[in-house]
Each structure stands twice: as C-alpha cells, then as structure tokens.
Amino acid sequence: QVQVVESGGGLVQAGGSLRLSCAASGIDFSIYAMGWYRQAPGKERELVARFTSGDEKYYVDSVKGRFTISGDNAKNTLYLQMKSLKPEDTAIYYCARYTYYRTFWGQGTQVTVSS
C-alpha cells in the first residue's frame, strides 16, 4: 500500500521558519523526481520546488533564496526548509513523487503565516 505523508505545517509569524517533511513508502516504481506544491484558497495548485534524480533543482521565483528542497534517501523522506515566511506563503503544501507510471500525492499539510 502506497503512503505519502506530509508533516511539519503549522501557524507561524511572518519572518519565521518551518520545515516540512514528506515520508513515502510502498512505491514500487522508480521515482525520477520529487516536489512540493501548494494551493492557497481560491487559487490553483502551484509547483513550489522540485528536484530530479539527477539532482537538478527548481524553485518558483517567489520562494528563491527562502526555501530549500532536500531529500534523505536512507529515510525515503523529502524536506522543504522554509525561511523568512510571508503571509502569501499561506497554503496547503503537498508532496509529490513522480514515477513514469503516475504521480503519487500526499494529503497535504497546512501552513499559515500571520502578519
């Protein structure tokens, strides 16, 4: 059974930091990339950060220099370190594991940044 579980969200003041984690298990297909998305109320889901098996990293412009994506292969866990958070970062954050068969998603974790 495939499980993709995010954690680490919460309420933080502007300027604060959070680290999101995403643990995955049961995926029997080769994962060629992993990423974090977010969806704010009334908006479409957007890609925040992603890296491929070749360690190429992508960040959406609005988080460059503030967010860092990383992974721990031994723990099969993906992280998103978020610093200098802004109210506009408020959203549900989702983890994605890409395989050539399909993309596996977590249930999301809420991040709320107060001004």
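Before moving on, here are some points about what is shown:
- ILE27-SER70 FRET efficiency (beta carbon distance; Förster radius 25 Å; 0.05 resolution): 0.85
- Structural size metrics of region 23-68, computed from C-alpha coordinates, are Rg and Dmax of 12.6, 34 Å.
- Exposure of THR112 as accessible area (Å², to 10), given a probe of 1.4 Å and all protein chains: 50
- Rg and Dmax [Cα atoms of the chain; Å; Rg one decimal, Dmax integer]: 13.5, 43
- Of the residues PHE67, PHE29, the one with the largest accessible area comes first in the ranking PHE29, PHE67, computed with a 1.4 Å probe on protein heavy atoms.
- Which of GLU6, GLU44, GLU88 is most accessible, then next, and so on - probe 1.4 Å: GLU44, GLU88, GLU6
- Euclidean distance of C-alpha centroids, region 1-45 and region 49-101, integer Å: 8
The values are calculated or read from the model by the stated rules, or taken from the named source; none is laboratory data. Computed from a predicted model, the values in this text were never measured in an experiment. Neighbour counts are summed over all protein chains in view; Cβ atoms, including those assigned to glycine, are modelled from backbone coordinates with ideal geometry. Calculation scope for accessible area: heavy atoms of the full protein, side chains included, ligands and nucleic acids excluded. Shrake-Rupley method; radii C 1.70, N 1.55, O 1.52, S 1.80 Å.
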